[in-house]
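Right, one structure below, let's go through it.
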Amino acid sequence: MKENKRKIIGFLSVFALMCAIAPTIVRAAEEGEALPAVYATMWALLPPIVAIALALITKEVYSSLFVGIVVGALLYSNFNFEGAVLHTFNGGLIAVLTDAYNMGILIFLVLLGTMVALMNKAGGSAAFGRWAGEHIKSRVGAQLATILLGVLIFIDDYFNCLTVGSVMRPVTDKHNVSRAKLAYLIDATAAPVCIIAPISSWAAAVSGFVEGEDGLALFVSAIPYNFYAILTIVMMVGMVLLKVEFGSMATHESNAKNGDLYTTPDRPYANIQAEEKPDSKGTVLDLVIPIICLVACCVIGMIYTGGFFSGESFVSAFSNSDASVGLALGSFFGLLITVALYLFRKVLKFKECMDCLADGFKAMVPAILILTFAWTLKAMTDSLGAKDFVAGVVQSSAGSLMSFLPAVVFLIGCFLAFATGTSWGTFGILIPIVVAVFQNTNHTLMIISISACMAGAVCGDHCSPISDTTIMASAGAQCNHVNHVSTQLPYAIIAAAVSFVSYIIAGFVQNAWICLPIAIILMLAVLFLLKNVHSQNMD
């Protein structure tokens, strides 16, 4: 405790010094210009760095994110108190909560939380847990089943995180898999799977950032070069089969085997799950049918927003879809079908179904709070010109580092997504730059660099405590958020290191069918090395 206090005091002292000298070392704003003095400088990345550092030091997310937001507002207003307060709310919290896309995601979260509460109260989740307990006999089987379900739900990462979590929690709990490990399995099959699935909201987003090219064709061509996504899946399956853990995850798994699924005393989701009725008539179908209907409705909702019913092809409609509206519509109709099913089967009464609305909302409050603060923090970095600063760095280094550029783009993507907590924002910044650098020069290197950008964005998003996908994975697993981040980080760093080496090789070889096998062999070699080290430590 004293050590943590010393770290916090030291960090705040350094930060106070930086704030004091900031006006004297950053470039001055031009006279009459509305931009802040630190616009498009390294200082634009200070707010997320402060938030992430405080979260890792204090193990408390809400206040850390809010401090990061305040730092951004102070920098934006040139340390004017009134301007900082106004920017925190008008340009931050109020702006992100009135954004149509963000509000659609929040509605989706509440509706999905309501469906989870309904399935729990109807007894569907418990029935599935009993069924799975009869067919899944080991911890390895429970983890592999979680991975398989995560791979199958490739439509959208938000939908993946919450659905896999609600379905597999009873199974992994029964086999004493820690909540931290469940959160990792969910997170590692969310964005990494979506980014290599041609029919997903992510493919649609990436395709939209590529101007002057066939975005979907480029996306498909880039899949074999998406080393981080592929290697994360290889590593995840390998770790489960080899039964090896390391870092703080090893502590969580060891405690889980002895009955403690959480390890830490902070259990924010432990008491909010709706309880099953004692006389429940729920069966496995009361979970399976709502999930299938939810998937179908979300797919229909997404292609509807893309113009499928106005004559567009399925692929084109998915590419042009609005994930926020599509998921909100899909979850709404999925909820209606679920309520109708339970009323028809007399599993729940109408009043009990309506009570689940409040239960579902309460279950999602932690995720909604963190998401709102994370979106606001991103708004702060956007207002400080973070994307312009990164664009300048990439363009200035492109000329002399052509063969190394995929590896460089990967690192920049990692850092930017980690600092801002957004993959899609990173795509929007880096992909147009990569296309501009390589267009009409080296098409293969352009594809590799686009893939490196996507891989780096997913990696940074995977590691970042302020990433919406990471937040959703914590919510889906009902795991303490900081526990999830701290246990996942060493695994993500190893996959990132192997990916970085693979991108250096790819920049020179420029052949997917040579580079991908080399990358997988490197990943497997690292896993067996970890297995040997683990065995020696056990001895």
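Bear in mind these aren't lab numbers, they're just calculated from the coordinates by the rules spelled out. Please read all numbers here as calculations on a predicted model, not as lab measurements. In this analysis, Cβ positions are derived from the backbone assuming ideal geometry, glycine residues included, and neighbour counts consider all displayed protein chains.
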Extension gain ASN442-ASP260, at 0.36 nm per residue separation less the Cα-Cα distance, in nm? 60.1 nm
For the range 328-342, in residue order, the Karplus 3J(HN,Hα) values (coefficients 6.51, -1.76, 1.60; θ = phi - 60°; whole Hz; Gly and Pro = x) are 5, 5, x, 5, 5, 6, x, 5, 4, 5, 5, 4, 4, 4, 5
Inter-label distance, nm, simple model (7 Å from Cα along the C-beta direction), PHE332/PHE508: 5.6
Length-normalised contact order for the range 297-344 - Cα pairs under 8 Å, 6+ apart - percent: 43
Efficiency of FRET from Cβ geometry, MET354 and VAL85, R₀ 41 Å, rounded to 0.05: 0.55
Run the simple label-point estimate for LEU529 and ALA296 please: 7 Å along Cα→C-beta, distance reported in nm. 4.9
From the cross-link list LYS121/LYS257; LYS181/LYS243; LYS174/LYS346; LYS137/LYS257, the entries with a Cα-Cα span beyond 23 Å are LYS121/LYS257; LYS174/LYS346
For LYS174 and HIS135, compute 0.36 nm times the residue count separating them, minus their Cα-Cα distance, and round to one decimal in nm. 12.8 nm
How high is the FRET efficiency between VAL288 and ALA250 when r is their beta carbon distance and R₀ equals 30 Å, given to the nearest 0.05? 0.30
If the chain between PHE309 and ALA95 were fully stretched, how many nm would it gain, using 0.36 nm times the residue separation less the Cα-Cα distance? 73.8 nm
Evaluate the distance, in nm, between pseudo-label points positioned 7 Å from the Cα of LEU343 and of ILE518 along their respective Cα→Cβ axes. 6.2
Calculate one ³J(HN,Hα) per residue across the range 35-52 by plugging θ = phi - 60° into the Karplus curve 6.51 cos²θ - 1.76 cosθ + 1.60, and present them in order as whole Hz with x for glycine and proline. 6, x, 5, 9, 4, 6, 10, 4, 5, 5, 9, 5, x, x, 5, 4, 4, 5
J(HN,Hα) series, the range 226-231, from Karplus relation 6.51 cos²θ - 1.76 cosθ + 1.60, nearest Hz, glycine and proline x: 7, 4, 4, 4, 5, 5
Packing-based order for 324-333, 340-349, 186-195, using average beta carbon neighbours within 10 Å, highest first: 186-195, 324-333, 340-349
Order these peptides, 300-310, 88-98, 460-470, by their mean beta-carbon neighbour count within 10 angstrom, highest first. 460-470, 300-310, 88-98
